[in-house]
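The structure appears right after this line, and notes come after that.
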Amino acid sequence: MNQQPNLKIVIVGGVAGGASAATRARRMNEQAEIILLEKDADVSFANCGLPYHIGEEIPQRADLLVATAEFLRRRFRLDVRTCHEAIAIDREQKRVQVRRTDVLSGKEEATCWIDYDKLILAPGAAPIHPPLPGATASNVLTLRNLSDTDRIKALVDQQGSRRAVVVGAGYIGLEMVEQFVRRGLQTTLVELQPQVLPLLDPEMAQPIASEIEQQGVTVFLGQSVEQFLVDEDGSANAVVLSDGTQIETDLIVLGVGVRPNVTLASDAELPLGQTGGIATNAYMQTSDPDIYAVGDAAEYLYGPTGKRQRIALAGPANRAGRLAGQHAATGSSDPMSPVQGSSVVRVFGVNAAMTGITATQAKRLGLAARSTTIFAKHHAGYFPGAAMMSLKLLYAPETGKILGAQAVGGEGVDKRIDVIATAMHFEGTVRQLAGLDLCYAPPFGSAKDPIHMAAFAACNELDGIEAFVPSDADLIDKQIVDVRTSGEIERAPLAAATGAISIPVDELRDRIGELDASRPTVVSCAVGVRGHIAARILKQHGFEVANLSGGATARNQSIVGVPATP
Ligand code: FAD
């Protein structure tokens, strides 16, 4: 490892990516001068914990301060400069222009230039605050840092605050909904897309929407906010939706996405990538090898497509920061691995996790992808407390390469998605997934884990043992055979399946003559397991047959939004 004497590293942004870069640089190079510039008053705080402090699930604000400026100075001999904003980069002279502001007033106190040998940009992203009428009202807020947290929490704590509107049903929006309900606020959620968690496939997100509604939250989907009605005192008292609905409220939180902070980079003529983040190579270097970019402002290699794109998540920011810090300090590091976009959220009693691409994304990108959906208990069904989860696995039809997965349910969805993300990291196939030797005892899992079940289904399809149709497929002109019991069918009729023939699976062999073997046939059960058996019986009797992926549960979630009750 090469340690340049008197090396001077300047880092812009002192939280996830920036703090990781700074501390790794110090651990790698004891001699370097390392300056950490942060425009706000805090460094290295837990962005991801902010909603939970507003909801008082994390009662102490101090617990959000992962490492204070003082700690970073003491432990790592970092020159931490809070309230210092980098405003320009002079690449020719290798220096950064910095504006120092007053911690309380935010007013400019001075500007100066700081030289660098290596510069690491980790300025993150800014929450989008749409320029709607009334959007500048004092109680229309976004959440990114501790000051935002303090502002929102003060409004929630304020006597008289009873109602909140959250705009945007992504991760931050849903976390805020959960925490507002926890604080006893009458909460409304508004989302432009026709589903919550638009990153997930619609049927996978459906149980989350049901859970939110069951918690007493009013949900408006497929609606945009047109304006905020503002009082004379400058605070908004109502949100007006595109259909004219007016929702009275005491505070509004916008969680409608983020915009990467790239002005500093683009003003210095560092190229941006196709998704608007700072273009980087495998070592997180920009087009200028002495300038690195990491975190929400940068682009990464996205595993499922092999293209570079922005991925605004804490894991990649921390890992990329660490690598860039080492590379800047020593001249070498491992390359940054492809990122899969693995993420997870808890929404009251339902958890949702995902990695890689979804079916919706695959369609949008024109990527050939097949999927299987299974429903299974998170541990052995006979062991108390088994929670149901749905697991959707996407793979390449030619090679079986895993492209992505989504899991929704109670306990254990994170574990399944982490295992699949690991397999994807090693470019695994569904066949390899089916062969994984996973640990098992009844309190933890099943001898055939949900991961195996999803992979078995995918392998069956790859091997021509069983064909699947997607849960929302058009079944017109198909001979539909519902192999559930009549009681089950009565309780949850199969959606958009006119003329479905009811033959319980155990009677199928005896009643096969009631079916027309010359017609393309689709079988369906509750979740796909009995459908698999039925499909095998019919196939071996000469039928051209497919199993409805995820059975009636997935179909009814896809088409009519009926929650999963397999
Ligand atoms: P940040 O951590 O935001 O740090 C950027 C810093 O740079 C900021 O402090 C900013 O003030 C500073 N800065 C900007 N411009 C300048 C400048 N010119 N000069 C000096 N300083 C500057 N991700 C997950 O994976 N899981 C989660 O559960 C999760 N929850 C989240 C919850 C919330 C409420 C938020 C806001 C984010 C959450 N994220 C989560 C996303 C995650 O926090 C970000 O992806 C991650 O912090 C990005 O790291 P970063 O270093 O790029 O930016």
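The values are calculated or read from the model by the stated rules, or taken from the named source; none is laboratory data. None of the values given here were measured: they were computed from a predicted structure. Here the Cβ positions follow ideal geometry from the backbone for every residue, glycine too, while neighbour counts run over all protein chains shown.
Any residue that is at positive phi, touching a Lys or Arg at 6+ places or on another chain (Cβ under 9 Å) and not assigned by TED's automatic domain parsing to the domain that holds ARG144 - is there at least one of those in region 286-309?
The answer is no, given that none of the residues of region 286-309 is at positive phi, touching a Lys or Arg at 6+ places or on another chain (Cβ under 9 Å) and not assigned by TED's automatic domain parsing to the domain that holds ARG144.
Any residue in region 392-416 that's in the same structural domain as ALA455 (by TED's automatic domain parsing): show its pairings with residues that are part of a strand (DSSP E or B) and charged (D, E, K, R) at Cβ separation under 8 Å, as long as the two are six or more apart or on different chains.
LEU394/ARG370; TYR395/ARG370; TYR395/LYS401; ALA396/ARG370; PRO397/ARG370; ALA405/LYS392; GLN406/LYS392; ALA407/LYS392
Looking for something part of a loop (DSSP other than H, G, I, E, B), over 29 Å from the mean Cα position of the chain (by Cα) and within 30 Å of LYS307 (Cβ to Cβ) - is there at least one such residue anywhere in region 229-244?
Within region 229-244 (the criterion being part of a loop (DSSP other than H, G, I, E, B), over 29 Å from the mean Cα position of the chain (by Cα) and within 30 Å of LYS307 (Cβ to Cβ)), the answer is no, since none of the residues qualifies.
Keeping to region 161-219, report how many residues are assigned to a helix (DSSP H, G or I) and either away from the ligand (no atom under 15 Å from the Cβ) or among the aromatic types (Phe, Trp, Tyr) (or both).
Total satisfying the criteria: 17.
If you go through region 491-501 one residue at a time, do you hit one that is assigned to a loop (DSSP other than H, G, I, E, B) and among the basic types (Lys, Arg)?
no
Do we have ILE465 as of a type outside the set (S, T, N, Q) and at pLDDT below 95 here?
So ILE465 fails the test.
So, in region 107-127, of the ones that are within 12 Å of the ligand (Cβ to nearest atom) and assigned to a loop (DSSP other than H, G, I, E, B), which residue ends up farthest from ALA22 (Cα to Cα)?
So, considering only residues that are within 12 Å of the ligand (Cβ to nearest atom) and assigned to a loop (DSSP other than H, G, I, E, B), the one farthest from ALA22 (Cα to Cα) is GLY124.
Are any residues in region 281-302 within 23 Å of ALA421 (Cβ to Cβ) and surrounded by 23 or more Cβ atoms within 10 Å (Cβ to Cβ), and if so, which ones?
MET284, VAL294, GLY295, ASP296, ALA298, GLU299, TYR300
For ALA328, indicate whether it is outside any strand (DSSP E or B), within 16 Å of the ligand (Cβ to nearest atom), touching a helix residue (DSSP H, G or I) at 6+ places or on another chain (Cβ under 9 Å) and not β-branched (Val, Ile, Thr).
yes
Taking only pairs six or more apart or across chains, which ones have beta-carbon atoms under 6 Å, a first residue in region 87-104 that is under 14 Å from ALA268 (Cβ atoms) and in the same structural domain as ALA41 (by TED's automatic domain parsing), and a second residue that is surrounded by 17 or more Cβ atoms within 10 Å (Cβ to Cβ) and among the hydroxyl-bearing types (Ser, Thr, Tyr)?
Final answer for the pair search is LYS94/TYR116.
Filter region 130-145 for residues that are within 16 Å of the ligand (Cβ to nearest atom) and farther than 24 Å from LEU37 by Cβ and give the result.
LEU141
Quick one: is ILE278 surrounded by 19 or more Cβ atoms within 10 Å (Cβ to Cβ) and within 12 Å of the ligand (Cβ to nearest atom)?
yes
Please enumerate the residues belonging to region 15-43 that are within 11 Å of the ligand (Cβ to nearest atom), within 18 Å of LEU323 (Cβ to Cβ) and assigned to a loop (DSSP other than H, G, I, E, B).
Scanning region 15-43 gives a single hit, VAL15.
Just for region 303-325: of the residues that are in a loop (DSSP other than H, G, I, E, B) and within 12 Å of the ligand (Cβ to nearest atom), which one is surrounded by the most Cβ atoms within 10 Å (Cβ to Cβ)?
Checked region 303-325; the qualifying residue surrounded by the most Cβ atoms within 10 Å (Cβ to Cβ) is ARG310.
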